[in-house]
Amino acid sequence: MNVRQSTNGASVIVVGGGVTGLSTAWWLARSGIDVMVIEKGIVGWGASGRNGGGATHQHSPLFAEEQQLWPQMEELLGYPTEYRPKRVRLAISEQQMQEAKPGFDRMLRQGFPAEWLDAKQIRDLVPLAAEHVVGGVYFERGGHANPQRTVQAYAWAVQDLGGRILQHTRVMGFERRADSVTAVRTTAGDFSCDQLVVAAGPQTGLLSRLLGTEVPVAPARADMIVTEPLPLMPIGGVDGNSLYGRQTLRGNLAYGGGPHEWLRVSNSSEGQRPSSPLALNIAKRLSEIFPKARHIRIIRSWAGIVENTPDGRPVIDRLPTAINAVFATMSSVGFGLSPASGRAICELVMQGKCSFADLSDFRLSRFGNLSPSWREELGWIPPESEGNHASAA
Ligand SMILES: Cc1cc2nc3c(=O)[nH]c(=O)nc-3n(C[C@H](O)[C@H](O)[C@H](O)COP(=O)(O)OP(=O)(O)OC[C@H]3O[C@@H](n4cnc5c(N)ncnc54)[C@H](O)[C@@H]3O)c2cc1C
């Protein structure tokens, strides 16, 4: 692959300045590749800067690499991510204990330590936990980081290595010669490229359609709330009661949880406004697991748009209709996976394959027989009201 720098293009253009695109750009820049990231807003303005910061994806083929890389990322990037290892999943009912079992089994199958804890052990690690907690699981592997700091760390690290980031620049289309993309058409003009990576979150499908391939992604709103700070607990990454979240290094509880609110894809960015019923519901569930924090005020809330594929698994693949284009969408677990997903995408671009994980689960061909009405069949239908929009390409 060429290593060159041109003002009108780059060897590799990455569309999307979320964690997937930025991590990919950073891995490419580390390998000496001339890379340019094109972002329609500012870096991290999508889900990447708004998520729960969880990095515990034991169901993913990228999990081992995710866990290997996270503890090193601050040093490798040269900027803080506020990564903290270890994770607890607590339960306040026997049913929630049962629901923790598949994750526990997956950890052990991969050879990573995991341990069932009784109520007292949970309260020792998580002093805010309720008296009525039943027990839970302790994961040695897994953790959490600060999404905004991490996005910024990737972006600065890309630039330190000579990579370029164009913000406020929307990709509108592509120039092609035969079955290759030769340039990216944007609101700031055309930029030529030898290779293209598209990691545009919920808008990935809109851009793939312009190249003649369907990447099925449905957008959904998810909310987060943040409380006033509380004394730091021995373990800050605590899930349970259908909530995910973390205690920040300053002591705030930052929590989110379903259900997803399905959105239409349109030109509006209304979908990133929080929904007050959902935020209140998250607060209620949080006070059920942490009743000692009931007196604490919520100081912020926001929403983000989660990208969802029909089977919940990421897509990382070359497009059959554009051989020099890799499309990636992470289906709601992209923050934690980002150190590993970026490395995998970089290797796919440079070598045509990933050396450290089997990416066959992420191929597009698995959707070959997908029904055109897959969203309706899954019940992922947005309500017919104003404001249910996810911003589009
Ligand atoms: C509330 C919430 C909580 C979550 N919690 C977790 C968690 O705890 N752990 C976890 O791992 N994941 C979590 N996620 C999911 C995670 O945030 C996403 O999977 C991840 O951020 C996806 O990153 P991305 O870079 O692929 O996409 P995005 O972050 O969506 O970035 C895509 C970027 O592409 C840009 N773009 C789109 N179209 C164009 C265009 N035409 N031209 C130029 N730029 C374009 C967008 O502006 C955007 O910045 C959560 C998500 C939300 C919303």
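Please treat every number below as a calculation from the coordinates, not as lab data. This structure is a prediction, so every number in the text was calculated from the model and none was measured. Every residue, glycine among them, receives a Cβ derived from its backbone with ideal geometry; neighbour counts consider all protein chains shown.
Of everything in region 175-184, what is without any contact (Cβ under 8 Å) to a residue 40 or more places away in the chain and surrounded by 15 or more Cβ atoms within 10 Å (Cβ to Cβ)? Give them in sequence order.
Of everything in region 175-184, just one residue is without any contact (Cβ under 8 Å) to a residue 40 or more places away in the chain and surrounded by 15 or more Cβ atoms within 10 Å (Cβ to Cβ), namely THR182.
Kindly indicate whether any position in region 193-209 is buried (at least 24 other Cβ atoms within 10 Å of the Cβ) and assigned to a loop (DSSP other than H, G, I, E, B).
Within region 193-209, one or more residues are buried (at least 24 other Cβ atoms within 10 Å of the Cβ) and assigned to a loop (DSSP other than H, G, I, E, B).
If you check every pair at least six apart or on different chains, which have Cβ atoms under 6 Å apart with a residue in region 101-117 that is in a strand (DSSP E or B) first and a residue that is among the small types (Gly, Ala, Ser) second?
LEU117/GLY135; LEU117/GLY136
Looking only at region 41-64, count how many residues are assigned to a loop (DSSP other than H, G, I, E, B), within 6 Å of the ligand (Cβ to nearest atom) and touching a strand residue (DSSP E or B) at 6+ places or on another chain (Cβ under 9 Å).
Total meeting the criteria: 6.
Quick check, is ILE225 out of contact with any helix residue (DSSP H, G or I) (no Cβ under 8 Å at 6 or more places or on another chain) and either in a helix (DSSP H, G or I) or buried (at least 20 other Cβ atoms within 10 Å of the Cβ) (or both)? Lay out the reasoning, then the answer.
On the way: out of contact with any helix residue (DSSP H, G or I) (no Cβ under 8 Å at 6 or more places or on another chain): no; either in a helix (DSSP H, G or I) or buried (at least 20 other Cβ atoms within 10 Å of the Cβ) (or both): yes.
So ILE225 fails the test.
Let me spell it out: the conditions are (1) more than 13 Å from the ligand (Cβ to nearest atom); (2) touching a residue at least 12 places away in the same chain (Cβ under 8 Å), and LYS284 meets all of them except one. Which number is the exception?
(2)
Among the candidates GLY111, GLY49, GLY103, GLY54, which residue alone is on the phi > 0 side of the Ramachandran plot and either under 18 Å from the mean Cα position of the chain (by Cα) or not acidic (Asp, Glu) (or both)?
It is GLY111.
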